[in-house]
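See structure below.
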Amino acid sequence: MANYQLVATSAMGLEAIVAQEVKALGYETTVDNGKVYFQGDETAIARANLWLRVADRVKIVVGQFPAKSFEQLFESVKALPWEKYLPVDAAFPVSGKSVKSKLFSVPDCQAITKKAIVERMKQHYKRLGFLDESGATYKIEVSILKDVATLTIDTSGAGLHKRGYRQVQGEAPLKETLAAALIQVSKWNPNRPFVDPFCGSGTIALEAAMFGQNIAPGYNREFISEDWPWMKAQIWDTVRDEAESLANYDQPLEIVGSDIDHRMVSIAQENATEAGFGELITFKQMQARDFTTQLTDGVMIGNPPYGERIGDVEVVEQVIRDLGQVMKNYPTWSVYMLSSMKNFEELYGRQATKKRKLFNGFIETNYYQFWGQKSKRD
């Protein structure tokens, strides 16, 4: 098997969590803004796609070099060993982006990159005419940051947040990758009760169930690199068999999701059924302030409404006040809330044990963490 320079991309602020996940798979990492680099073979590509809960995509880094002129870009792209990755009939669309660079015209950068790859391929495969591009797809990106170009090939296809279980979603759905990150930061384990009092379409509860039973998040979906001739079917079969053997379907879980909107509760239930957790997760219509439990040492994770629409702020503020009041009755429970409200702690009535800045899409939020007391049974 060959060895590849790989990169798992992530949302800003989640790099450290993705790096932990990559290390857990057995690979050494180097972390940059929104990127976690590691080395691996074809099996590493398959395993990373199947197992990374928080990463956005897994890409192969073909090359990186200075690019201050179009000529330099063309010659440097052409010098890369594209034949190592692309067969003669490869379809290779080129996307691009440029930030703080002399070569700021993205369409020109894309066209020049494409032309350079075509030249390299024609030379290597001894073709005079056009390449027909009738085979498998290899999505290439030319990304130029501060005059340094990075050429990558996407191995994932659809973003890794697309687990395949979400049939319907609400107006402002939380990405599955961010939901998984919220769970990992909380250090929740499947022996503790779990509640999301603002469940929406059920994403956080569903991610908790997958995490709790150690089910690989990519187990029920396909990846673009499965069509590549050198990513043999046997590799994917072996990696999926490994994932199946590691899943703990018998792990009992106490997971509850609730929402004030009965339509969202129905959607969450549909999504849970699609994911195979229909009997495992309890969804119910309820306001957060009506939360009660006999259980101790639980974890509550939620993404309460942000009050983005006019007139909503006062309603959201009251929801947070009510939640703070209710949770005073459950001192052994740890509460984790993702919110854009700057005065969240004041409304909740308690200073957070820790805060972590995260982006929910383009919205800057804080992940407020209120750790519970250890119960006497410990």
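The values are calculated or read from the model by the stated rules, or taken from the named source; none is laboratory data. Just so we're clear, the structure is a prediction, and the values are computed from it rather than from any experiment. Quick reminder, even Gly has a Cβ in these numbers, built from the backbone with ideal geometry, and neighbours come from all protein chains shown. Side chains are part of the model used for accessible areas, which takes the heavy atoms of the whole protein and leaves out ligands, DNA and RNA. Shrake-Rupley method; radii C 1.70, N 1.55, O 1.52, S 1.80 Å.
For the chain, what does the alpha-carbon gyration tensor say about shape, rounded, prolate or oblate, given a ≥ b ≥ c as the root eigenvalues, a/c under 1.5 as rounded, and a/b over b/c as prolate? Please report the intermediate quantities before stating the final value.
Working: a/c = 2.48, a/b = 1.87, b/c = 1.33.
Taking the square roots of the gyration eigenvalues as a ≥ b ≥ c, the chain is prolate.
Could you compute the longest span of the chain free of chymotrypsin sites (Phe, Trp or Tyr not before Pro) located in DSSP loops and having at most 10 other Cβ atoms within 10 Å, not counting the site residues?
Longest run free of exposed loop sites: 1-129.
Can you work out ³J(HN,Hα) from phi for every residue in the range 346-351, in order, using Karplus 6.51 cos²θ - 1.76 cosθ + 1.60 and θ = phi - 60°, giving whole Hz and x for Gly and Pro?
So the Karplus estimates, Gly and Pro as x, are 4, 5, 5, x, 7, 7 Hz.
From the Cα gyration tensor of the range 2-152, with a ≥ b ≥ c the square roots of its eigenvalues, which class applies: rounded if a/c is under 1.5, or else prolate if a/b is larger than b/c, or else oblate? Before the final figure, lay out the partial values.
Numbers: a/c = 2.33, a/b = 1.40, b/c = 1.67.
Oblate shape, in that a/c is at least 1.5 and b/c is the bigger or equal ratio.
When a/c reaches 1.5 or more, the comparison of a/b and b/c decides; with that in mind, is the range 272-378 rounded, prolate or oblate per its Cα gyration tensor? Each step should come with its number before you reach the end.
Values: a/c = 1.56, a/b = 1.17, b/c = 1.33.
It is oblate, given that a/c is not under 1.5 and a/b is not larger than b/c.
With a cut-off of at most 12 other beta carbons within 10 Å, and DSSP calling the residue loop, which trypsin sites (Lys or Arg not before Pro) in the range 176-275 qualify? Please list them.
Lys187
Can you give me the distance in nm between label points at Met1 and Arg221, each placed 7 Å from the Cα along the Cα-to-Cβ direction?
Those two pseudo-labels are separated by 2.2 nm.
Roughly how many Å² is the accessible area per residue of the range 292-378, as a whole number, for a 1.4 Å probe?
That works out to 58 Å² per residue.
Please name which of Gln64, Val22, Phe198 has its Cα lying farthest along the dipole of the chain towards the positive end, using unit charges on Cβ (Lys, Arg +1; Asp, Glu -1) and the Cα centre as origin.
Gln64
With r defined as the distance between the Cβ atoms of Phe70 and Ala16 and R0 fixed at 35 Å, what FRET efficiency is calculated, to the nearest 0.05?
On the way: r = 37 Å, r/R0 = 1.06.
It comes out at approximately 0.40.
Are there trypsin sites (Lys or Arg not before Pro) in the range 129-169 that DSSP marks as loop and that have at most 11 other Cβ atoms within 10 Å, and which are they?
Values: sites: Lys139, Lys146, Lys162, Arg163, Arg166; in loops: Lys146, Lys162, Arg163, Arg166.
Sites meeting the loop and neighbour criteria: Lys146.
Only helices at least 18 Å long along their axis, Cα-based, and averaging -1.0 or more on Kyte-Doolittle count here, so list those DSSP H runs from the chain. Don't skip to the answer; put the middle values down first.
Working: long enough: 106-125 (28 Å, -0.58); 233-246 (20 Å, -0.59); 262-275 (20 Å, -0.51); 313-327 (21 Å, 0.59).
Passing helices, by number: 106-125, 233-246, 262-275, 313-327.
Using Cα pairs under 8 angstrom and six or more residues apart, how large is the relative contact order of the range 114-246, in percent?
Details: 102 pairs, mean separation 31.1, N = 133.
Computed value for the range 114-246: 23 percent relative contact order.
Out of the total accessible area of the range 2-152 (probe 1.4 Å, heavy atoms of protein only), what percent is carbon and sulfur? The partial results should precede the final answer.
Numbers: 3680 of 6920 Å².
Summing carbon and sulfur atoms, their accessible area is 53 percent of the total for the range 2-152.
Magnitude of the Cβ-charge dipole of the chain, K/R +1 and D/E -1, about the Cα centre, nearest 20 debye? Numbers along the way, then the final one.
Details: 44 positive and 47 negative charges, 213 e Å.
That gives the chain a dipole magnitude of about 1020 debye.
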